[in-house]
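Since the structure comes first, as structure tokens, the remarks are kept for the end.
The numbers here are math on the coordinates, done by the rules we state, and not lab data. What you see is a predicted model; the values in this text were computed from it and never measured. Backbone-built Cβ (ideal geometry, glycine too); neighbour counts: all protein chains shown.
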Amino acid sequence: MTAAVLVINAGSSSIKYAIYEARPSGDCLAKGLIDRIGLGPEHHSENRSETLPMAPDATHAEVLEWLAAQLQTRFADVEIVAGGHRVVHGGPEYSDSLRLTPEHMQRLDALSPLAPGHQPHNLAGVRALEDIWPDIPQIACFDTAFHRTQPTVAQSFAIPRALTQEGVLRYGFHGLSYAYIASQLPDVLGDAAEGRVIVLHLGHGASVCAMQNRKSIATSMGFTALDGLMMGKRCGEIDPGVIFHLIREKGMSAAEVETLLSTKSGLLGVSGQSDDMRDLLASDRIEAKEAIALFVYRACAQIGRMAAALQGVDAIVFTGGMGENAARIRSDIIAGSQWLGVHCDSDANAENQTVISTNTSAVKALVIPTNEELVIANDTRTLVCTHP
């Protein structure tokens, strides 16, 4: 029987999963994705897709129960000895991955208002796995943890000190993705990996991180995952006065404003068409073109901010679904960042090569696929597995 860890990355409408051997540096035995949860869940694995045999409005718990049964049948010779989970918000208390206890779960539940589109689903994944395998340890790996190395000035808001001391800080997110990219930089940059690197995680959620010595120096997201870059459905950076205006002049409640800025803005709100960049790139509508232009403009502006925080740039890295696959978006962002000394190699970019900058560029541009699941697996194995 092969001991293995099951990695769960539960989102609002999807569950990414992976099974890794429990031994250090063990192989990945399987990975896949279940999406459209709440609309008719579909399972995608190894170039195969299928609709799950359950009601369209099936819950995360029901989906995980189905997944567990499938994995136990398919991998009858595999024993799941631990579960590893992405937990988006760790607050000021949690700066390292840890084994979950009921007390930890209670504290993490209390952070759900800071990441309402993620935290409840992350914790639902923990509880669902606990129902299926009640005796195995469950490990939480935090998206905020990577950014706790930032200097105090980068984590602070200009608000009364008492609120800062209560934990109203810039936490930053996508930390598991950034941790993976940091681990890969020596392979592609050599000694320059310890230099000034700006990483753009561009997906449905999007952010930018400034790294030096492969540690987070600054990032675009803040107290919640709403800040920074324009995203699929999230507004990104916005004047707080807009929120006051919507409440006072439009009569919206706080909950309605939160819904507007979290689920009806970003690419979807500006285009009025789609929250998927692929749809917008294929569209001839002026609104789609304006949404793309605003996304690129915001990304270039954030690169400028990160360059200031680092006092220069040695490399720019693209990752995430859009960052890894949308050549047009990468080329537009590089074109808007030429003042830094980076220039796009059109052929390399079109082919999604690792290095997409020209040989004469003072700043390298790279494409590095992320692997959050491997980061979770490694932390889980480190914490609970002692297999040789």
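Couple of notes before you dig in:
- The chain: most fluctuating residue of ALA206, ALA225, ALA309 per GNM, C-alpha cutoff 10 Å: ALA309
- Across the alpha-carbon atoms of segment 213-313, the computed radius of gyration and Dmax are 15.4, 48 angstrom.
- Span-like helix check, the chain: qualifying full DSSP H segments, with Cα axial length of 27 Å or more and mean Kyte-Doolittle of 0.0 or more, are 286-310.
- Unit Cα scatterers, Debye sum, the chain: log10 I(q)/I(0) for q = 0.07, 0.12, 0.14 Å⁻¹: -0.32, -0.99, -1.34
- In segment 152-247, Cα pairs under 8 Å separated by at least six residues give a relative contact order of 22 percent.
- Taking other C-beta atoms within 10 angstrom as a stand-in for reagent exposure, HIS174, HIS60, HIS118, HIS44 fall in the order HIS44, HIS118, HIS60, HIS174, fewest first.
- In sequence order, segment 149-162 has phi-based couplings of 7, 5, x, 4, 5, 7, 9, 9, 9, 8, 10, x, 4, 4 Hz under the Karplus curve 6.51 cos²θ - 1.76 cosθ + 1.60, θ = phi - 60°, and Gly or Pro positions carry x.
- Evaluated at q = 0.15, 0.18, 0.21, 0.24 Å⁻¹, the base-10 log of the normalised Debye intensity for segment 289-369, with identical point scatterers placed on the Cα atoms, takes the values -0.47, -0.68, -0.94, -1.21.
- Applying Stokes-Einstein at 20 °C and 1.002 mPa s to the Kirkwood radius of segment 159-263, computed over alpha-carbon pairs, gives a translational diffusion coefficient of 138 µm² s⁻¹.
- Extension gain for ARG161 to SER95 (0.36 nm times residue separation, less C-alpha to C-alpha distance): 21.6 nm.
- Here the Karplus curve 6.51 cos²θ - 1.76 cosθ + 1.60, taken at θ = phi - 60°, turns the phi angles of segment 217-226 into couplings of 9, 7, 8, 7, 7, x, 4, 10, 8, 8 Hz, with x standing for Gly and Pro.
- Unit Cα scatterers, Debye sum, segment 56-161: log10 I(q)/I(0) for q = 0.12, 0.23 Å⁻¹: -0.50, -1.29
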